[in-house]
Every structure is written in structure tokens, then in C-alpha cells.
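*Asks:* Dropping a structure here in C-alpha cells format, bear with me for questions.
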Amino acid sequence: MSANESAQERLGQGVMSTGEGMRIFPDVEACIDCGGCVVACKRTWDVPVDDQRIDITTMLEGVEGESGFNSQQVSAIEEGMSPGETSLPMQCYHCENAPCVSVCPTNALQKKDNGFVEVVDDLCIGCQYCLSACPFGAPQFPESNEGLTAVVGSGGTMDKCTGCEERQDVGKGPACAEECATDAILVGSSGEIADELEKRDSGAFFNDTAMEIIFGDDAEMFDR
């Protein structure tokens, strides 16, 4: 088997299933910080240049991982060692126990029966409680410094990743995941994502608390 074939076998398929009950989750071992996901999101949804529904956070940029862990950041952390440079696609993960939904005083954020977390624009008062509650920085307030919002102190209407629900309704994957050259954004059921990470010999980068927020009881499926 060639090196390319071996790499492709490891990466597998990023979009495994779509629609009701889906989850979005990053594989930090695969992300190369190329920015393709950011471009795909902006192109698909006409997101302004200065606004982000998905962003890539890179920690320890330029730092090599501990010996033996250069491409296994999760394993390094589990061993109490430096993971080295690690890139992580950050977006709304449409959490099972979404803290943004819990803190919203006007029910502008709602967990739908199909699993997606949606924003009801007409109910959003721009209080930004959701931004404080979300561990992943998903809520964005692109109008926070424009017009009346700068005077009255409102953050404007919240905007975030929609999970490309409209695309998933017709059997397509989220634009970011379909664009990703290394399948670093996984889309599917909790079980499918857990199985894919295990197949890749990757792991869940987040701690137990974050995993329970994202997956609820299904967090037990993931090897940590």
C-alpha cells in the first residue's frame, strides 16, 4: 500500500451521515490549518469577510510536540506532555446540552427536535449571555459596533454556524466538512464519530466536561 493510500485509509470519510441527530466534531490530529473550511462557509452562505461562523484556533504555533507525539496531540496531553502545534476548527457543535440555550433569557436560542441549535433572530436582544456561556466561542455578534447598538449597548443579533441544516435536509454535508482536504471535520451520529476517531487512532481533544456538553450521555462512547 502506498503512503497516499495509507493516509487516505486513516482519514476515512469526514461526512458519514447527515440530518436528524447529526453531530459535528473536529479531529485535531487531521487539521492542517489550511482555512478551506472558513472559505467554504463564507462562499456558501455569503458571510462577510470580517465575520466568522467557523474559525481555526492554533495553539503552541511553531512548537514541536514531545518526542513520539508530534502527530498525536491527544495522546501527548493524556500523558501530561506538550502536544506541540495543534489546530482546531471551532464552530457551533450543536451540543446536546447546549449552555447557550440554557442561559438565553428570551428563548432566542432553541434546541430543535432534529438536534440542530437555531437562532430566532426576532427574539435576540443582543445580551451576549450565550457568548459567555459557550465554551467554543460559537456565538458571534457582527453588528455589535454598528448603528444604534453602539449607543444602547446591545450586541446586535447573534449569528453562528447553522450546521448547514438546509444542505443536510437535501442529503448534503456541511460546506466546511465537504471542503476539508483532510476530513478533519467529522459529521455523523455520535457512534459514527467515535468509531471514526478510533479507526484513525485519534482521540477526543476536549475534556470530559466539554464532551458531555457536546454529546450528553453519548460522551461515554469516546475513548479518552
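*Asks:* Tell me which residues, restricted to region 105-123, are modelled with pLDDT under 95 and among the basic types (Lys, Arg).
*Replies:* Selection gives nothing.
*Asks:* Pairs please, first residue from region 59-79 and among the hydroxyl-bearing types (Ser, Thr, Tyr), second anywhere and at pLDDT below 85, Cβ atoms under 7 Å, 6+ apart in sequence or on different chains.
*Replies:* Close Cβ pairs (under 7 Å, with a partner that is at pLDDT below 85) amount to SER75/PHE69.
*Asks:* Does region 76-99 include one or more residues that are over 25 Å from THR18 (Cα atoms), touching a helix residue (DSSP H, G or I) at 6+ places or on another chain (Cβ under 6 Å) and among the charged types (D, E, K, R)? Write out each step before concluding.
*Replies:* Restricting attention to region 76-99, the residues satisfying the condition of being over 25 Å from THR18 (Cα atoms) are 76-86.
Narrowing the set further to residues that are touching a helix residue (DSSP H, G or I) at 6+ places or on another chain (Cβ under 6 Å) leaves 83, 86.
Subsequent filtering for residues that are among the charged types (D, E, K, R) retains none.
No, there is no match, as no residue in region 76-99 is over 25 Å from THR18 (Cα atoms), touching a helix residue (DSSP H, G or I) at 6+ places or on another chain (Cβ under 6 Å) and among the charged types (D, E, K, R).
*Asks:* Could you tell me whether any residue of region 177-187 is of a type in the set (A, V, I, L, M), surrounded by fewer than 20 Cβ atoms within 10 Å (Cβ to Cβ) and either modelled with pLDDT under 95 or in the same structural domain as ALA30 (by TED's automatic domain parsing) (or both)?
*Replies:* yes
*Asks:* Just to be sure before I move on: is PRO105 outside the structural domain of ARG167 (by TED's automatic domain parsing), farther than 13 Å from CYS161 by Cα and of a type outside the set (A, V, I, L, M, F, W, C) in the structure I sent? Steps first, answer last, please.
*Replies:* Values: outside the structural domain of ARG167 (by TED's automatic domain parsing): yes; farther than 13 Å from CYS161 by Cα: yes; of a type outside the set (A, V, I, L, M, F, W, C): yes.
Taking the combined requirement at face value, the residue satisfies it.
*Asks:* Here is a follow-up. Since LEU88 meets every condition but one in (1) closer than 21 Å to ALA30 by Cα; (2) of a type in the set (A, V, I, L, M); (3) not in a strand (DSSP E or B), which condition does it not meet?
*Replies:* (3)
*Asks:* Please enumerate the residues belonging to region 50-80 that are of a type in the set (A, V, I, L, M, F, W, C) and either in a loop (DSSP other than H, G, I, E, B) or out of contact with any strand residue (DSSP E or B) (no Cβ under 7 Å at 6 or more places or on another chain) (or both).
*Replies:* ILE54, LEU60, VAL63, PHE69, VAL74, ALA76, ILE77
*Asks:* Pick from region 1-38 the residues that are aliphatic (A, V, I, L, M) and surrounded by fewer than 14 Cβ atoms within 10 Å (Cβ to Cβ): which of them is modelled with the highest pLDDT?
*Replies:* Of region 1-38, the ones aliphatic (A, V, I, L, M) are 1, 3, 7, 11, 15-16, 22, 24, 28, 30, 32, 38.
Pick out the ones that are also surrounded by fewer than 14 Cβ atoms within 10 Å (Cβ to Cβ) and you get 1, 3, 7, 32.
Working: MET1: 44, ALA3: 42, ALA7: 38, ILE32: 94.
So the residue we want is ILE32.
*Asks:* Of all residues in region 49-72, which are within 15 Å of CYS161 (Cβ to Cβ) and of a type outside the set (Val, Ile, Thr)?
*Replies:* Within region 49-72, ASP51, GLN52, ARG53, ASP55 meet the criteria.
*Asks:* Sticking with this structure for a sec: Return the residue satisfying two criteria in turn: it lies in region 124-159 and is at pLDDT below 85 and of a type in the set (Val, Ile, Thr), and of such residues it is nearest to GLN110 (Cα to Cα).
*Replies:* THR149
The values are calculated or read from the model by the stated rules, or taken from the named source; none is laboratory data. None of the values given here were measured: they were computed from a predicted structure. As a convention, Cβ positions derive from the backbone with ideal geometry for all residues, glycine included, and neighbour counts pool all protein chains shown.
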